[in-house]
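Down below is the structure, laid out as structure tokens.
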Amino acid sequence: MVFGRMKAGIAGLRAKLTRTNSAITECVEGAGKAISKEEFLENLEETLITADIGVSTSLEIVEKLRRTYNGRDVEKLKSTLRDSIFDILVTVEKPLKIYRSPFVIMVLGVNGVGKTTTIGKLASFYKAQSKNVLLAAGDTFRAAAVEQLELWGKRTGCAVIRQAQGGDPGAVAFDAMRAAIGRYANIVLLDTAGRLHTKSNLMEELKKVKRVASREIPDAPHENLLVLDASTGQNALNQARIFNEAVGVTGIVLTKLDGTAKGGIIVSIAKELKIPIRFIGVGEGVEDLKPFDAREFADAFI
Ligand SMILES: Nc1nc2c(ncn2[C@@H]2O[C@H](COP(=O)(O)OP(=O)(O)OP(=O)(O)O)[C@@H](O)[C@H]2O)c(=O)[nH]1
Ligand SMILES: [Mg+2]
């Protein structure tokens, strides 16, 4: 069912990524046409940079093509381009392994990137694998954040541990860890705030939540999953650096790849951060989350 739909394959993914890949594909299709090889390579370089693949990576890819492209064989050109992207992406293709029960996933990210939606999608993903999933409403700051998570709990049939808005997220984490043990949960998805009064407040709060979790369950959280919004381009890299320094990031979910022409940011993330990309988000629906697959992505991209 849901899991099967997620494997919709390259055609489905390609359709979701059109805003980024149509520009690249159009540029590459132009290769065999009236323009010279040099003109084409210049166009391509600009197109890759516009897609947020990053300046140095775009230059590297174009250099490789300058050496290998004979000016005629467009199919060969496409496969070289695909392989260049794949070679970078495969270095961060490390699927999330649920290696114990309860396995605690703390979901991090600035406001609006898609944390809560991703939790809903993940809940559905793991429920489809017969896991017992518990949600924890650790964003006690934003109005209606708890209700939003509860809605996802209803939709996916998962229990939600909550306190009133304005409550202490550390206390929510404590309740959630205890409940996870008591109810034999396999996975805990812990939502967190994206915005507090200041950035340092937020980081201190996240550190506290981490401490509370690890006191109740050994080594929890087992995954610090950072959600990044692809449409924010290079900003996403800065966010990752800040969260990584403060609390450590063990995996990334890149969301909103469907709505942006900057989907190439995934290549920059792979190259610059070297943090595993666990999932990608390609829409607002519950099935619009895919385990990250470098080959599938590279093929859908070009
Ligand atoms: N197109 C698209 N929209 C998405 C995706 N993921 C999330 N969204 C939308 O992004 C908006 C923000 O999502 P939330 O899940 O509320 O984001 P959040 O990080 O929890 O935000 P705060 O709780 O305010 O910090 C919602 O309208 C989501 O439907 C995605 O992969 N694609
Ligand atoms: Mg939220």
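To the nearest µm²/s, what D does Stokes-Einstein give for the stretch 1-154 at 4 °C and 1.567 mPa s, using the Kirkwood radius over alpha carbon pairs as Rh?
Translational D for this selection: 68 µm²/s.
Would you look at the GNM of the chain, springs on alpha carbons closer than 10 Å, and say which of Ser200, Ser231, Ser214 moves the most?
It is Ser200.
Of the peptides 70-83, 169-182, how do they stack up when ordered by the mean number of other Cβ atoms within 10 Å, highest first? Show your work: numbers first, answer last.
Values: 70-83: 14.7, 169-182: 20.1.
Ranking, from highest mean packing down: 169-182, 70-83.
For the stretch 238-302, I need the span (max minus min coordinate) of the C-alpha atoms along each principal axis, in Å, sorted largest to smallest.
32, 25, 20
Could you work out the helix-only [θ] at 222 nm for the chain, with each DSSP H run of four or more residues adding -39,500 (n - 2.57) and the total divided by the number of residues, to the nearest 500 deg cm²/dmol?
Working: 13 runs with 156 residues, N = 302.
Per the formula, -16000 deg cm²/dmol.
Over all Cα pairs of the chain, how is the pair count split among 20 Å bins, expressed in % and running from 0 up to the last occupied bin?
It works out to 34, 50, 15, 1, in whole percents.
Using alpha carbon centroids, what distance separates the stretch 90-147 and the stretch 148-198, in Å?
10
Ratio to report: Rg/Rh of the stretch 168-208, with Cα atoms as the point set and Rh obtained by the Kirkwood method; give two decimals.
That ratio equals 1.07.
Using only the alpha carbons, work out the radius of gyration and Dmax of the stretch 188-287 in angstrom.
14.2, 43
Pairs to check: Lys94/Lys121; Lys154/Lys262; Lys94/Lys131; Lys33/Lys271. Give those whose C-alpha atoms are more than 26 Å from each other in this structure. Before the final figure, lay out the partial values.
Values: Lys94/Lys121 19 Å; Lys154/Lys262 33 Å; Lys94/Lys131 20 Å; Lys33/Lys271 32 Å.
Over 26 Å Cα-Cα: Lys154/Lys262; Lys33/Lys271.
What is the Rg over Rh value, at two decimals, for the stretch 125-244, using alpha-carbon atoms and the Kirkwood definition of Rh? Before the final figure, lay out the partial values.
Working: Rg = 14.5 Å, Rh = 15.1 Å.
Rg/Rh for the stretch 125-244 comes to 0.96.
Read-outs: derived from the displayed coordinates by stated rules, not from any lab. Just so we're clear, the structure is a prediction, and the values are computed from it rather than from any experiment. Note that we place each Cβ from the backbone using ideal geometry, even for glycine, and neighbour counts take in every protein chain shown.
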